[in-house]
């Protein structure tokens, strides 16, 4: 067994400096080229251990056990969307991550999303508090390491810097995690190290690499063991056509060895793809990392962890994010691996649909898995999980799911689109689609939808219940004494509707509301504060009801219990009247509405 390079991914909010930090690490490594340089593989950059030693210098003395890892492998596609695509069975492809936060701006939406994804996938991470050079009065001495520089600052500058640092610590705590400046961490298993950096000046980059190397070596030792002679396991980053090569795969190999002429088994939606490797290609070593064009060179084999471009026939239907395995080509071996990769795909993509639950869609299998993971964590049932943009066929399935359960009959899409006519059709049919490119926003939007729907359902229920209402018969407004009696009333508390039963303050039912009117206009509901004409059957004014009498809605015991359940939808005054009605009823029946 050998120790492979840890796979490092970089996440954070847009414009907080993810790419700049990667560029700075690469740039610093290029400067230190004589110590071993840097190799750009497909989709990643390899920083050898010699280069890290040159950049960090005496800082590495803090790693008492000496260096055992062969270097670091940085994923070149930073950002949350790429991170969710970088998957292997059981979680993230990344062994460790750097969460980049602008020290001046603090946490932003994508920072929150990144931290939730890291937590969900149990990926250890450190925080790079970037843009320290923009703090007011910040000075930079390139001859000093970070802490020496900070210690030389005056009282005010140090105070401002500490304030910003502990604002970050507080924001991390909001996510249930402990954090501390890297040199003050007492236990790296319980506290997240924050390394102040400037991607612009390079300050803090040696400290960032030192902490990253130390943590990877100390806590990921078992995880980094790989069989150098064995066949490979990997994930597809991108499928693209290359001039002269045809369709190719950009892959990350995270375990084992891959050779030319190996048989490749790739997961797919219906059945695995089996092909033979024609060529393995790596970009030539570069002196300028930002240069996009690079010539490829043929290699006979690659060893994990690395990135490589694969040329092979029959790659036209391959999907990014799919798992791949290699073998010698023996029939039983191929069959076993086909079953393994397909099982891996089926754990994420639902080939059989459940009768109830949300429908989920994403653009990559990794995105789908991340979405599935977050929903399952919140115990939200999933009816189906599939890849690609939203179609009319999806909406017809959604209709039947909504009929079974309004709460889960929703289509959730991560990084997918729906044509305007599809969205219009969904609107006409009253179907709910929640689409977003930010994964945690999708979950938030779904939870808001559930809350709104609960409220709507409660209000629908309330509409069919007799609500608490207290009103009085106005003096001098008797329009007809009986058959039906018509009187002017003022609604003191609550609301009353036609057909609602009415009782007196002694609990005797006297009538029901036959009709309500205001200035010759007919009403179905009279609200608090209104003065209206009310018609009542079976009552004579002056006998059962007199001028100035207070009357109440006569609520049944069943409705009373329901109102107690829905009480958050009633006003404080309505609740007081409900209590008065219960007291009136309990004079006759002490256990009325109890239990």
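The values are calculated or read from the model by the stated rules, or taken from the named source; none is laboratory data. Here the structure is a predicted model, which is why all the values come from computation and not from measurement. FYI the Cβ positions are ideal-geometry reconstructions off the backbone, even for glycines, and counts take in every protein chain you see.
Scanning for something under 30 Å from residue 550 (Cβ atoms) and surrounded by 12 or more Cβ atoms within 10 Å (Cβ to Cβ), does the stretch 411-424 turn up at least one residue? Checking the stretch 411-424: not a single residue is under 30 Å from residue 550 (Cβ atoms) and surrounded by 12 or more Cβ atoms within 10 Å (Cβ to Cβ).
Restricting to the stretch 260-278, name every residue that is part of a loop (DSSP other than H, G, I, E, B) and under 35 Å from the mean Cα position of the chain (by Cα). Step through it out loud before you land on a result.
First, pick out the residues of the stretch 260-278 that are part of a loop (DSSP other than H, G, I, E, B): 260-262, 267-272, 277-278.
Result: 267, 268, 269, 270, 271, 272.
Here's the yes/no breakdown for (1) surrounded by fewer than 20 Cβ atoms within 10 Å (Cβ to Cβ); (2) under 24 Å from the mean Cα position of the chain (by Cα); (3) outside any helix (DSSP H, G or I); (4) at pLDDT 65 or above:
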position: 45; (1), (2), (3), (4): no, no, yes, yes
position: 60; (1), (2), (3), (4): yes, no, no, yes
position: 68; (1), (2), (3), (4): yes, no, yes, yes
position: 72; (1), (2), (3), (4): no, no, yes, yes
position: 78; (1), (2), (3), (4): no, yes, yes, no
position: 105; (1), (2), (3), (4): yes, yes, yes, yes
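Starting from residues that are outside any strand (DSSP E or B) and at pLDDT 90 or above, keep the ones in the stretch 355-369 and report whichever is nearest to residue 380 (Cα to Cα). Lay out the reasoning, then the answer.
Residues of the stretch 355-369 that are outside any strand (DSSP E or B), as a first pass: 355-357, 363-369.
Then drop every residue that is not at pLDDT 90 or above, which leaves 355-357.
Details: 355: 14, 356: 11, 357: 7 Å.
Taking the candidates together, the pick is 357.
In the set (1) out of contact with any helix residue (DSSP H, G or I) (no Cβ under 6 Å at 6 or more places or on another chain); (2) surrounded by fewer than 19 Cβ atoms within 10 Å (Cβ to Cβ); (3) within 29 Å of residue 586 (Cα to Cα), the condition left unmet by residue 478 is number (3). Looking across the stretch 107-137, just one residue is in a loop (DSSP other than H, G, I, E, B), crowded, with 19+ Cβ neighbours inside 10 Å and touching a helix residue (DSSP H, G or I) at 6+ places or on another chain (Cβ under 6 Å), and that is 107.
Whether a residue is outside any strand (DSSP E or B), within 21 Å of the chain's Cα centre (by Cα) and at pLDDT below 95 was assessed, and residue 189 does not pass this test.
Name the strands (runs of 3 or more DSSP E) wholly inside the stretch 492-553 in which the number of residues that are free of Cβ contacts under 8 Å to residues at least 12 places away in the same chain and either touching a strand residue (DSSP E or B) at 6+ places or on another chain (Cβ under 7 Å) or surrounded by fewer than 12 Cβ atoms within 10 Å (Cβ to Cβ) (or both) is 2 or more. If you could, list the steps in order and put the result at the bottom.
Working: elements: 501-504, 509-518, 521-523, 525-527, 531-536, 550-553.
Because the criterion is at least 2 residues that are free of Cβ contacts under 8 Å to residues at least 12 places away in the same chain and either touching a strand residue (DSSP E or B) at 6+ places or on another chain (Cβ under 7 Å) or surrounded by fewer than 12 Cβ atoms within 10 Å (Cβ to Cβ) (or both), the strands (runs of 3 or more DSSP E) in the stretch 492-553 that meet it are 521-523.
Looking across 222, 164, 218, 240, one residue alone is assigned to a strand (DSSP E or B) and on the phi < 0 side of the Ramachandran plot. It is 240.
Hey, among the residues in the stretch 20-33 that are in contact with a strand residue (DSSP E or B) (Cβ under 8 Å, 6 or more places away or on another chain) and under 10 Å from residue 199 (Cβ atoms), which one's modelled with the highest pLDDT? By that ranking, first place goes to 21. Scanning the stretch 435-463 for residues that are under 30 Å from residue 567 (Cβ atoms) and in contact with a helix residue (DSSP H, G or I) (Cβ under 9 Å, 6 or more places away or on another chain) yields 443, 446, 455, 458, 459, 461, 462. Just to be sure before I move on: is residue 398 modelled with pLDDT under 95 and either in contact with a strand residue (DSSP E or B) (Cβ under 6 Å, 6 or more places away or on another chain) or outside the structural domain of residue 413 (by TED's automatic domain parsing) (or both) in the structure I sent? Taking the combined requirement at face value, the residue does not satisfy it. The residue that is surrounded by the most Cβ atoms within 10 Å (Cβ to Cβ), among those in the stretch 198-237 that are at pLDDT below 85 and touching a strand residue (DSSP E or B) at 6+ places or on another chain (Cβ under 8 Å), is 237. Within the stretch 80-94, which residues are surrounded by fewer than 19 Cβ atoms within 10 Å (Cβ to Cβ) and either at pLDDT 80 or above or at positive phi (or both)? Selection gives 90, 91.
Modelled with pLDDT under 95 and in a helix (DSSP H, G or I): is that true of residue 150 in this structure? Working first, answer last.
Details: modelled with pLDDT under 95: yes; in a helix (DSSP H, G or I): yes.
In short, yes.
Scan 123, 169, 101, 195 and give me the residue that is modelled with pLDDT of 95 or more and under 30 Å from residue 363 (Cβ atoms).
Working: 123 fails: modelled with pLDDT of 95 or more; 169 fails: under 30 Å from residue 363 (Cβ atoms); 195 fails: under 30 Å from residue 363 (Cβ atoms).
So the residue among 123, 169, 101, 195 that is modelled with pLDDT of 95 or more and under 30 Å from residue 363 (Cβ atoms) is 101.
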